[in-house]
Amino acid sequence: AWRSDKPYEAALTVDLSEAASGGSVTISGLTVRHSSPSIAQNYAVYVPPPSRAASATKVELRDLDVSSSSGSGLGVEGGDVTLLSSKVHDCRNHGLVFLGPSARGAVRGCELAKNKLNGVLLRDGASPAIEGS
């Protein structure tokens, strides 16, 4: 379990904000347990907006098991992020959060359960496809 005394610290951050070019990132098979003392932007797994050069980069998160005792499971604030065959559960806030017009991608074949607020929160123009979850 990841426990931090630092506010706003995710257990896993996929940060492409300084990337010089596009490509792909795949993360597979992780169990993520998160706790961090903060309220807003408190995510177990966090994907901040990518750089302009990396805006076409595809991020694939596959077969994850995610929970947060203090926040939300996955926070996507920009980029093309796909969550596949994963479990997001027992989060103090939302299971998944996609924020802003550049937050896109997909959620496919995922189990979202026992999250205190929304299973999926889409806000401010976010547009991921939600399929079979």
Mean separation of Cα contacts under 8 Å (6+ apart) over length of the chain, as relative contact order %
20
Between L99, S21, S69, whose Cα lies farthest towards the positive end of the dipole of the chain when Lys and Arg beta carbons carry +1 and Asp and Glu beta carbons carry -1, centred on the Cα centre?
S69
Please state the charge dipole magnitude for the range 6-72, taken about the Cα centre, from unit charges on C-beta atoms (+1 on K and R, -1 on D and E), reported in debye and rounded to the nearest 20.
80
Most fluctuating residue of S24, S36, S85 in a GNM of the chain with Cα springs under 10 Å: which is it?
S24
So what's the gap between the Cα centers of the range 116-133 and the range 1-55, to the nearest angstrom?
18
Take every Cα pair under 8 Å in the range 32-95 that's 6+ residues apart, average their separations, divide by the length, and report that relative contact order as a whole percent.
39
Run down the aspartates and glutamates and flag those whose C-alpha is under 17 Å from the C-alpha of K87, throwing out any fewer than 8 positions away in its chain.
E60, D63, D65, E111, E131
Between A53 and D90, how high is the FRET efficiency from 1/(1 + (r/R0)^6) when r is the Cβ-Cβ distance and R₀ = 30 Å? Nearest 0.05.
0.25
Scoring the range 82-133 by relative contact order with C-alpha pairs under 8 Å, at least six apart, yields a percentage of 44
Cross-link candidates for K6: which aspartates and glutamates have Cα within less than 19 Å, leaving aside residues fewer than 8 places away along the same chain?
D15
Eigenvalues of the Cα gyration tensor times 5, then square-rooted: what semi-axes does that give for the range 93-133, in whole angstrom, largest first?
17, 14, 5
5 Å is the cut-off here: which amide hydrogens, built 1.01 Å from N in the peptide plane, fall below it relative to D65, excluding neighbours closer than 5 in sequence?
L30, T31, V32, K87
Does the range 8-67 come out rounded, prolate or oblate by the C-alpha gyration tensor, with a ≥ b ≥ c the root eigenvalues, rounded set by a/c under 1.5 and, if not, prolate when a/b is larger than b/c and oblate if not?
oblate
Taking a ≥ b ≥ c as the square roots of the eigenvalues of the Cα gyration tensor of the range 46-93, is the shape rounded (a/c under 1.5), prolate (a/b larger than b/c) or oblate?
oblate
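Just so you know, all these numbers are worked out from the coordinates, no wet-lab data involved. Keep in mind the model is a prediction, meaning the values are calculated, not measured. Every residue, glycine among them, receives a Cβ derived from its backbone with ideal geometry; neighbour counts consider all protein chains shown.
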